[in-house]
Every structure is written in structure tokens, then in C-alpha cells.
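Trainee: For reference, the structure I am asking about is given below.
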Amino acid sequence: MIEARTSEEKLVSYRLISKNGFGNGWNAYPHSMAWFKGELFVGVTRANLCMIKMHKAHTLKPWPIKCPKDVWEIKDRQVEIWAYNPLTGFWRMAYRSPLVLGREGAQVTRDIGYRAMAVFEPDNGRDVLCVATWAPRKAKDPGVLTTQDGVNFEFTPLLEDGKVNTFRSLVSFKGRLYIAPTGRFSNFGWDGKPCVSDFPVVLETSDPTSGDWVEASEYGFGDKTNLSIYELYAYNGFLYAGTFNPTSGAQLWKTD
């Protein structure tokens, strides 16, 4: 049943400000967003449905889009960050993943997704936009993109062990930046556990451009059935962390 609207309630309306993957259909997910320097920055993930189909993570019939047998047959997998100016109503491509020499000796895109984004507020007051990267299995390790002006981006690797491939959460809290791994190269898409990292820990840094991160939690918060730290969020003076736990159920932890 739909209840009648009272005179004090306001109708919230939305309008479309971008469509069709910013003009490229391979831009499948607007995976992360943050306001920075007066613009809305959006990080995308590319060719998701083709990755899922190749890795047989789902069995949709018919498949929603046409995909090659191997997702690497898609020549253009370089993911992008777009910035929206609300005053002009225009979008601009702020960043595009570069090609790098991959593990197999061929040129591949360094990033296939930007799944987390946050504005880091250090003690010196110079805000930095930070973006967590998702690395494909043929590339090398993921890391964090940083920019102070929204134009020039720098990439700093994180966890150069050849195992972790992605992050989902990135949070600025009390002068530090927090992140948590949520995927690994060895199993992504093949064993049905794309959200397992083998490294269920929260990491922190006071300088995301340095590459120096330290562990800010126990592995799985002391529970070996916590397979990943899936979400991070700062609220009311506390940092919250949500776990991925298929055994006993998800958990929510917090700290000041």
C-alpha cells in the first residue's frame, strides 16, 4: 500500500548527469566517488560482465552482453577516473590507467578498477584525493593513486607480495588513511571466493605517498573465520570495520 504524502514531506528528484559509461560501454561500474576541489570524481571498473563470465562466477542465461572467450581479447581495458563540474555541467577525464609490462612480459593495463576513493586530510591541511586500485592478474601489485590538484596523479604500490590484487574500502580518519585488502591473485574468480584476501587486516598510514603502511588490527580481529575486512567507515569519532565471514556471520568492529 502506498501512503499519502503529507504537506511537510518533500519530493526528492534526481536527474541523469552521465550515461553510457561516459561514452564507453566498457565502463561498467561507477565504483567510487568523492568530492575534491569543487568537482565530483568518479572511478570506474571496466568490462565487469566479461570478467565474470570468463571466471564462471555466475551462470546467467542468456548473458546480458557479447563477450570474447578471453577477457584479454578486449584491447582497451584501461580504466578511467572522471571529474564532474556542477557549475558547468561538464565531465572531463581526469586520469586513465597506463599500460605496464606485466608478469608475462606483455604490455597490459596496470589497473582494471578503482573501487575505493577518499579525501585524506593530513595534519598539514593539504588535502589529498586517494584512490585504491584493482590490478588484473597479468599485471603487478595494486596500490594507491594520489593527487593534490585533481590533475596530476601519482601511483604508489602497496603490498608488493604478488598476492593481494584489490581493495574495496579507503577511509580518512584522525590524520591517517585506512585501507583493507579484499581480493587476491591466486583465487580471484576461479574458486568462487572473489572477496577473500588471505590478509584480513586493516592497514594505516600517515602519508599515502610514502608507501609505508602498518597493521592497525589483528588478523581477522582474532577470529580466523573472518576472511576479509570488507568495509571501513568513520562515524561519530569511531572507525568501523565490517568483516566477510561465511562461517559464523559478518561482524562489525569499531575503535577510536
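The values are calculated or read from the model by the stated rules, or taken from the named source; none is laboratory data. Every value quoted in this text rests on a predicted model; they were computed, and no experiment measured them. No Cβ is skipped: glycine too gets one built from the backbone with ideal geometry, and neighbour counts run over all protein chains shown. Note: areas computed on protein heavy atoms with side chains; ligands, DNA, RNA excluded. Shrake-Rupley method; radii C 1.70, N 1.55, O 1.52, S 1.80 Å.
Trainee: Show me the strands (runs of 3 or more DSSP E) entirely contained within region 68-137 in which 3 or more residues are in contact (Cβ under 8 Å) with a residue 12 or more places away in the chain and open to solvent by 40 Å² or more (accessible area, probe 1.4 Å). Give the steps one after another, and end with the answer.
Mentor: On the way: elements: 80-85, 90-96, 99-101, 107-109, 113-120, 128-134.
Result: 90-96.
Trainee: Take the residues in region 14-39 that are aliphatic (A, V, I, L, M) and surrounded by fewer than 16 Cβ atoms within 10 Å (Cβ to Cβ), then tell me which one is farthest from Asp127 (Cα to Cα).
Mentor: Among those that are aliphatic (A, V, I, L, M) and surrounded by fewer than 16 Cβ atoms within 10 Å (Cβ to Cβ), it is Leu16.
Trainee: Checking the conditions here, which among Glu231, Glu160 is more than 24 Å from Ile52 (Cα to Cα) and either touching a residue at least 40 places away in the same chain (Cβ under 8 Å) or in contact with a strand residue (DSSP E or B) (Cβ under 9 Å, 6 or more places away or on another chain) (or both)?
Mentor: Values: Glu231 fails: more than 24 Å from Ile52 (Cα to Cα).
It is Glu160.
Trainee: Determine, yes or no, whether Gly211 is in a loop (DSSP other than H, G, I, E, B), free of Cβ contacts under 8 Å to residues at least 12 places away in the same chain and either farther than 15 Å from Val171 by Cα or under 20 Å from the mean Cα position of the chain (by Cα) (or both). Write out each step before concluding.
Mentor: Values: in a loop (DSSP other than H, G, I, E, B): yes; free of Cβ contacts under 8 Å to residues at least 12 places away in the same chain: no; either farther than 15 Å from Val171 by Cα or under 20 Å from the mean Cα position of the chain (by Cα) (or both): yes.
Spelling it out, it is not the case that Gly211 is in a loop (DSSP other than H, G, I, E, B), free of Cβ contacts under 8 Å to residues at least 12 places away in the same chain and either farther than 15 Å from Val171 by Cα or under 20 Å from the mean Cα position of the chain (by Cα) (or both).
Trainee: When you scan region 206-253, how many residues do you find that are open to solvent by less than 70 Å² (accessible area, probe 1.4 Å), among the hydrophobic types (A, V, I, L, M, F, W, C) and within 23 Å of Thr156 (Cα to Cα)?
Mentor: Residues that pass the stated criteria total 4.
Trainee: Considering Gly189, Gly220, which residue is farther than 18 Å from Met117 by Cβ, at pLDDT 85 or above and either in contact with a His (Cβ under 6 Å, 6 or more places away or on another chain) or not in a loop (DSSP other than H, G, I, E, B) (or both)?
Mentor: Details: Gly189 fails: at pLDDT 85 or above.
Answer to the selection: Gly220.
Trainee: Still on this structure, I have one more. Being in contact (Cβ under 8 Å) with a residue 40 or more places away in the chain, touching a Leu at 6+ places or on another chain (Cβ under 8 Å) and open to solvent by 40 Å² or more (accessible area, probe 1.4 Å) is the requirement here; does Glu154 meet it? Give the steps one after another, and end with the answer.
Mentor: Values: in contact (Cβ under 8 Å) with a residue 40 or more places away in the chain: yes; touching a Leu at 6+ places or on another chain (Cβ under 8 Å): yes; open to solvent by 40 Å² or more (accessible area, probe 1.4 Å): yes.
So Glu154 fits the description; yes.
Trainee: Is it the case that region 227-245 has a residue that's assigned to a loop (DSSP other than H, G, I, E, B), at pLDDT below 95, in contact with a Phe, Trp or Tyr (Cβ under 8 Å, 6 or more places away or on another chain) and over 20 Å from Lys140 (Cα atoms)?
Mentor: In the first step, residues of region 227-245 are kept if they are assigned to a loop (DSSP other than H, G, I, E, B); the result is 227, 236-237, 245.
Retained after the next criterion (residues that are at pLDDT below 95): 227, 245.
When the remaining residues are screened for being in contact with a Phe, Trp or Tyr (Cβ under 8 Å, 6 or more places away or on another chain), the result is 227.
Still in the list and also over 20 Å from Lys140 (Cα atoms): 227.
Yes: region 227-245 contains one or more residues that are assigned to a loop (DSSP other than H, G, I, E, B), at pLDDT below 95, in contact with a Phe, Trp or Tyr (Cβ under 8 Å, 6 or more places away or on another chain) and over 20 Å from Lys140 (Cα atoms).
Trainee: Right, here's the next one. Got at least one residue in region 66-76 being under 22 Å from the mean Cα position of the chain (by Cα) and closer than 30 Å to Asp149 by Cα?
Mentor: yes
Trainee: When you look at Asp141, is it free of Cβ contacts under 8 Å to residues at least 60 places away in the same chain, surrounded by 16 or more Cβ atoms within 10 Å (Cβ to Cβ) and in a loop (DSSP other than H, G, I, E, B), yes or no?
Mentor: Numbers: free of Cβ contacts under 8 Å to residues at least 60 places away in the same chain: yes; surrounded by 16 or more Cβ atoms within 10 Å (Cβ to Cβ): yes; in a loop (DSSP other than H, G, I, E, B): yes.
Yes, satisfied.
Trainee: Scanning region 147-157 for residues that are outside any loop (DSSP other than H, G, I, E, B) and farther than 11 Å from Tyr95 by Cβ, which turns out modelled with the highest pLDDT? Break it down stepwise before answering.
Mentor: Our first condition is that a residue be outside any loop (DSSP other than H, G, I, E, B); within region 147-157, this holds for 147, 154-157.
Next cut, farther than 11 Å from Tyr95 by Cβ only: 156-157.
Values: Thr156: 94, Pro157: 90.
Among them, the one singled out is Thr156.
Trainee: Can you pull out the residues in region 158-171 that are modelled with pLDDT of 85 or more and open to solvent by 50 Å² or more (accessible area, probe 1.4 Å)?
Mentor: Arg168
Trainee: Consider region 44-67. How many of its residues are open to solvent by 90 Å² or more (accessible area, probe 1.4 Å) and in contact (Cβ under 8 Å) with a residue 40 or more places away in the chain?
Mentor: Number satisfying all stated conditions: 1.
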